[in-house]
Amino acid sequence: MAAQAGYGLAPVRTHPPSESTRIPVRNQPETAAVFILHPAASEALGDLLGRIGRVAHRHPRAADRLLESLAVNAFTAGDTAVGVDALYARFGLLEPRGRALELLPALEQAGALAAAGHFPVQAARVCEALGRIAYQQGEYQLASEQWSRALDLAEVSGHLQAGVAARIGLGQIHYAQADWARGLRQMRDAGEQLKLGGGDDSYLAAKLALNIGVGSFETGDLPAAERHFSHGLAAARRGGHRVFEAEAHWHLARAALARQRMDWAVADCRLALDIAARHGYPWLEAAASRTWTEIALARGDNAAAVRSTRHGLALAQRIQARAQARQAHLQLAELLQAEGDAPGALDHLWQHLALQSEIERLSLPARTTLAAPPAEEAGTPVTPEELLLHLCGQRQRLSTATPPEALAELKAASARILGLASVIRWPLGQGGLSNAEQPRYVDLLTRHGAPLALPDAALHPCHAELSGLQGAAEARIEVPLYDGAQLAGALWLVDARTTRAWTRQELLIASQLALLFEVVIRG
């Protein structure tokens with residue numbers, strides 16, 4: 001199947017409310033900027049990226065050359081923050097066009113430079129981009145690690161965009177594992193965060209609406225799915241994000257098929273395929289080709305179904321999208337089996353199984369970072385959760401011990417549970433943290449009020465203020481400590497290394513440990 005053969009272009013249609021929950025939208029001017037970084041490394045860079053973004057709509061190759069030159073010149077001049085932001089903007093231009101892998105070495109190098117230069121926002125953007133590359137390749141464990149790291153850095157630096165994007169990514173990991181309900185909860189959490197930020201980020205609004213629509217669709221709520229797909233289409237057109245406009249039409253085609261409205265399905269799928277083919281979005285074109293296969297089958301046109309599936313497979317293979325290629329191989333196996341081509345069907349089935357096995361291998365969780373639990377006398381291992389539960393049971397005894405004894409026991413137990421090098425309590429006041437010496441850090445603790453995971457010590461937003469303190473050079477979890485409603489200090493749970501990927505489980509354990517420290521401090 002040629003890139004545009006057989007699709008044609010149907011006009012966008014609207015329906016009365018009684019027939020559809022879709023929201024009519026109208027095309028927006030082609031001058032919306034593609035690259036909107038809040039904040040960019042500088043106001044001047046933000047303005048320049050906006051202008052390049054407007055160029056990108058009609059001349060993506062020219063925009064690519066401008067962004068490449070901007071990034072190279074900034075890195076050469078030692079301006080890491082500007083270089084990373086320009087590279088991230090270039091990633092945003094190339095990723096939907098199937099060229100993200102070209103930037104992998106540059107992104108990895110940029111991440112190291114951002115860490116060395118103490119730029120947490122830029123490091124979060126690099127991690128978010130690396131997560132998207134890993135996700136496209138079906139490396140879900142690596143994607144999850146990168147997005148978790150991006151989320152930690154975003155929360156530490158208070159960066160809304162990176163945090164919302166990372167949450168969307170983590171929700172997509174659940175979707176990839178068919179855990180639709182959990183993924184949908186993650187997407188809704190991202191939506192709440194986006195609302196807190198205010199403003200109108202059309203890119204994130206479109207991406208989030210489409211992903212919530214997918215979760216609604218897969219959990220059987222078709223009206224909600226169509227509503228969110230339409231919201232995504234409106235946000236995509238408002239911001240000029242053509243790839244999301246095409247994706248919205250693809251999802252609306254899937255919803256129309258579920259309603260057995262072939263006319264709607266054909267119109268939306270044609271629009272998705274046309275936009276994807278004209279603007280060079282191979283992932284989206286491959287995805288919509290699978291739906292066009294379903295449409296062809298519903299029409300009884302098996303030959304068109306085979307052509308469409310082969311085209312989608314070629315696109316998926318070109319951009320190394322393992323999950324898409326796996327789906328296409330399975331679809332082809334079924335189609336060729338129906339045509340009586342048993343050898344061809346078997347060949348595609350084996351390739352489907354090989355890719356499925358590879359994706360599963362790549363998705364295996366990394367070895368836990370928690371300390372290896374000791375064995376009890378009976379040989380039963382003691383898990384970190386069991387150790388924490390046992391420690392919580394000692395709360396009454398600890399509250400009656402002398403403060404130095406209780407704190408020493410708590411520190412030793414915390415280090416054992418989380419596999420730490422040290423545990424440090426910084427009181428607020430004499431001998432600890434102060435508004436005079438660490439004003440930004442005290443403000444950060446007060447504003448955030450929750451555990452902060454530092455996967456890389458160099459990327460702490462208050463790095464300069466904390467550099468002279470014990471444990472400041474190592475990865476750690478920092479938890480605010482309270483005396484009633486007042487900030488009383490911070491608990492540092494310090495690893496032996498400068499980097500460590502903290503898990504959500506470890507953050508929960510850190511929160512519980514901090515509560516025990518507060519009990520002891522209050523006496």
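For the chain, what does the relative contact order come out to in percent, with C-alpha contacts under 8 Å and a separation of six or more? Relative CO of the chain lands at 13 percent.
Suppose a student asked you for the relative contact order of segment 200-366, using Cα pairs under 8 Å spaced at least 6 residues apart; what percent would you report?
Reported relative contact order: 13 percent.
The residues packed around P403, meaning those with a beta-carbon under 15 Å from its beta-carbon, carry a net charge of +1 if Lys and Arg are +1 and Asp and Glu are -1.
State whether segment 374-502 is rounded, prolate or oblate according to the following rule on the C-alpha gyration tensor (a ≥ b ≥ c being the square roots of its eigenvalues): a/c under 1.5 gives rounded; otherwise a/b larger than b/c gives prolate, and the remaining case gives oblate.
Because a/c hits 1.5 or more and a/b fails to exceed b/c, segment 374-502 counts as oblate.
Just check segment 225-288 against the gyration tensor rule for me: Cα atoms, a ≥ b ≥ c as the square roots of the eigenvalues, rounded for a/c under 1.5, and otherwise prolate or oblate depending on whether a/b exceeds b/c. Oblate, because a/c is 1.5 or more while a/b does not exceed b/c. The structure-derived value of Kirkwood radius over Cα pairs in Å appears in the list (i) 24.3; (ii) 25.2; (iii) 30.6 under the label (ii).
We did not get these values from a lab; they are worked out from the coordinates using the rules stated. From a predicted model like this one, the values you see are computed outputs, not experimental measurements. No Cβ is skipped: glycine too gets one built from the backbone with ideal geometry, and neighbour counts run over all protein chains shown.
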